Amino acid sequence: MRGHQLTTDLLRRVYEDGAFPMAEPDGSVEFYVPYRRCLMPIEGIHVSRSLARVIRKGEFEIRFDSDFEGVMRGCMVRAEGTWISEDFIRVYGEAFREGWSHCCETWKDGKLVGGIYGLAIGTCFCAESMFHRATNASKVAIWAMVNRCREAGFTLFDAQLMNPHLASLGAFEVPHEAYLISLSHALRNEAHWPSE
């Protein structure tokens, strides 16, 4: 996609078609459609006994949409070879200001220590990335985000690509064709993200 401006209109079209973008090392943007799509159960993630204890004790303060760019930058630096570029921070930030990109943050001692962000399209929440700077911070963030999405009327929570961390939280895979069917149903309705 070199030479083309990544815009929120293009971003929405890509996700509505069942794909998602990633920035390449040379600055170009590629669009991906995995053969199998990773989903989180909208009824709630798998909560281990240790994670339940962390949640019950309130080890982290949970906030929504208070530091969207901070969450994106946390995701950007969490590993080498990240697919998040400055251009992504710009365009997802625009989607946030337009009201259809959201984040969940975990804070400890006044510092942002974890979070997850993504796009809300119809009743599908497309989770993009998450990060942590403290043990369990990202798990608490995804737990809170899935709960928020369910309460807001979302029917689908897209996590894109499976990994062991997501699998431990109850993620499952479906064929791309099945994802497209679920996505088409989700695009017919609108969820209502609660105002803080």
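Structural remarks
- Residue within the range 150-168 that is farther than 25 Å from residue 33 by Cβ and either among the basic types (Lys, Arg) or surrounded by 18 or more Cβ atoms within 10 Å (Cβ to Cβ) (or both) present: yes
- Failed item, numbered, when residue 120 is tested on (1) in contact with a His (Cβ under 9 Å, 6 or more places away or on another chain); (2) of a type outside the set (Ser, Thr, Tyr); (3) part of a loop (DSSP other than H, G, I, E, B): (3)
- Going through (1) in contact (Cβ under 8 Å) with a residue 12 or more places away in the chain; (2) part of a helix (DSSP H, G or I); (3) farther than 23 Å from residue 91 by Cα one by one, residue 188 falls short only on (2).
Every residue, every condition in (1) of a type outside the set (A, V, I, L, M, F, W, C); (2) modelled with pLDDT of 95 or more; (3) over 12 Å from the mean Cα position of the chain (by Cα), yes or no:
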{"position": "81", "(1), (2), (3)": "yes, no, yes"}
{"position": "105", "(1), (2), (3)": "yes, yes, no"}
{"position": "113", "(1), (2), (3)": "no, yes, yes"}
{"position": "125", "(1), (2), (3)": "no, yes, no"}
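- For the range 129-144, the criterion of being over 13 Å from the mean Cα position of the chain (by Cα), of a type outside the set (Gly, Ala, Ser) and over 20 Å from residue 75 (Cα atoms) is satisfied by no residue at all.
- Check on residue 142, within 28 Å of residue 6 (Cα to Cα), in a helix (DSSP H, G or I), β-branched (Val, Ile, Thr) and touching a Lys or Arg at 6+ places or on another chain (Cβ under 9 Å): no
- Identity of the residue in the range 148-162, assigned to a helix (DSSP H, G or I) and in contact with a strand residue (DSSP E or B) (Cβ under 9 Å, 6 or more places away or on another chain), that ends up farthest from residue 64 (Cα to Cα): 150
- Residue 44 closer than 19 Å to residue 28 by Cα, at pLDDT below 95 and not hydroxyl-bearing (Ser, Thr, Tyr): no
So that you can scan it fast, the table gives a plain yes or no per residue for (1) in a strand (DSSP E or B); (2) crowded, with 17+ Cβ neighbours inside 10 Å; (3) of a type in the set (S, T, N, Q); (4) over 15 Å from the mean Cα position of the chain (by Cα):
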| residue | (1), (2), (3), (4) |
| --- | --- |
| 13 | no, no, no, yes |
| 43 | no, no, no, yes |
| 53 | no, no, no, yes |
| 75 | no, yes, no, no |
| 84 | no, yes, no, no |
| 87 | no, no, no, yes |
| 97 | no, no, no, yes |
| 102 | yes, yes, no, no |
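- Here residue 146 clears all of (1) within 25 Å of residue 60 (Cα to Cα); (2) surrounded by 24 or more Cβ atoms within 10 Å (Cβ to Cβ); (3) out of contact with any Pro (no Cβ under 8 Å at 6 or more places or on another chain) except the condition numbered (3).
- Of the numbered criteria (1) in a helix (DSSP H, G or I); (2) touching a residue at least 40 places away in the same chain (Cβ under 8 Å), the one residue 165 fails is (2).
The values are calculated or read from the model by the stated rules, or taken from the named source; none is laboratory data. All values reported here derive from a predicted model rather than from experimental measurement. Because the Cβ atoms are built from the backbone with ideal geometry, glycine has one as well, and the counts that use them run over all protein chains shown.
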